[in-house]
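Participant: Got a structure for you, questions after.
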């Protein structure tokens, strides 16, 4: 059944396109899908059709008519999942390192979506017009740890709102090259797409606000184990912020190739991946209203790295 939703814009965004504004509010829906909904007249501003380039203003009412979901393109696959919690509305799982979340060129099979299509058969979110498990937030292929998945549209939208409104608690652990100058601190630096390298993110003057706090749990002469809290959810936020601190994630070839080379030369340790782990997540259950919190244990390669780098 077609679902309808509306809300009032609280603040004007003179330099923000409507499709980008909606993408931030509904991170589970791709920007391309939102643009298609705008073109098809499923998204109205003050009951009028507008272009994706429209700039939202305070007081405007945005109405969205979510179309019935189409069958998914990805195929179900029976893949073992480490499920930390599950009920009729959602599940929380511990994603292993190396697992791609969404099918994409080069990774059409063996993804988390393939596994969830089999596990959640008949219980799929259709937000954005495609029947699929409700991937509310994403982790990079090589990042392990806690992920939340919605089983229906109502749960999906409610959880997405919690993420967009920064009402969730996301704690990560990272093994980094070197060590921050302070045992605890805060990184506040806006992030946007790199101006010349489009697959990378970067700290820029006109980027989206991003805030990360950190605490040093253990450190050795060459490396440190950090606990980090995400207060915003920008793409590659932790990796970019730690690079700016001079302590990139161990194994991160994109944002820390030179420090990682020095670490390999001084310790003899080569990381199998970027050693970033989503250690815990907390949120409010959309139906019961109860606060929930879950922890994912460190994966085996994380433990091995801690021993090699004398961080046990």
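Participant: Which shape class applies to the stretch 3-66: rounded if a/c is under 1.5, otherwise prolate when a/b exceeds b/c and oblate if not, where a ≥ b ≥ c are the square roots of the Cα gyration tensor eigenvalues?
Facilitator: Cα axes put the stretch 3-66 in the rounded bin.
Participant: Ok, one more. Under 8 Å for C-alpha pairs, at least 6 residues apart: give me the relative contact order for the stretch 3-66, rounded to a whole percent.
Facilitator: After rounding, I find 53 percent.
Participant: In the Gaussian network model of the chain, springs joining C-alpha atoms below 10 Å, which of 192, 11, 63 carries the largest mean-square fluctuation?
Facilitator: Comparing 192, 11, 63 in a Gaussian network model of the chain, the most mobile one is 11.
Participant: From the Cα gyration tensor of the stretch 154-312, with a ≥ b ≥ c the square roots of its eigenvalues, which class applies: rounded if a/c is under 1.5, or else prolate if a/b is larger than b/c, or else oblate?
Facilitator: Oblate is the answer for the stretch 154-312, as a/c is 1.5 or above yet b/c matches or exceeds a/b.
Participant: Kindly express, to the nearest 10 degrees and within the range 0 to 90, the angle between helix 257-267's C-alpha long axis and the longest C-alpha principal axis of the chain.
Facilitator: 30
Participant: Given a Förster distance of 45 angstrom, what is the FRET efficiency for residue 39 paired with residue 183, based on the Cβ-Cβ distance and rounded to 0.05?
Facilitator: That pair, residue 39 with residue 183, gives E of 0.30.
Participant: Going by how many other beta carbons lie within 10 Å of each one, how would you line up 117, 225, 311, fewest first?
Facilitator: 311, 117, 225
Participant: Which whole-number percent is the relative contact order of the stretch 230-292 (Cα, under 8 Å, 6+ apart)?
Facilitator: Reported relative contact order: 21 percent.
Participant: Would you calculate a helix-derived [θ] at 222 nm for the chain, using -39,500 (n - 2.57) for each DSSP H run of n ≥ 4 and dividing by the full residue count, to the nearest 500?
Facilitator: -6000 deg cm²/dmol
Participant: For a quick protection proxy, order the peptides 147-158, 45-56, 211-222 by their average other-Cβ count within 10 Å, most packed first. Let's see the in-between values first.
Facilitator: Values: 147-158: 22.2, 45-56: 14.3, 211-222: 16.8.
Descending mean neighbour count gives 147-158, 211-222, 45-56.
Participant: Another question, if that's okay. Once you have the alpha carbon radius of gyration of the chain, what is it after dividing by 2.2 N^0.38 Å, with N set to its residue count?
Facilitator: Against the compact-globule rule of thumb, the ratio is 1.04.
Participant: Rank the residues 135, 83, 203 as a footprinting-exposure proxy: fewest other Cβ atoms within 10 Å of their Cβ go first. Walk me through the intermediate numbers first.
Facilitator: Working: 135 21, 83 12, 203 16.
Fewest-to-most Cβ neighbours within 10 Å comes out as 83, 203, 135.
Each value in this text was obtained by applying a stated rule to the coordinates, not by laboratory testing. Everything quoted here is computed from the prediction, not taken from an experiment. All Cβ positions, glycine included, derive from the backbone under ideal geometry; neighbour counts span all protein chains shown.
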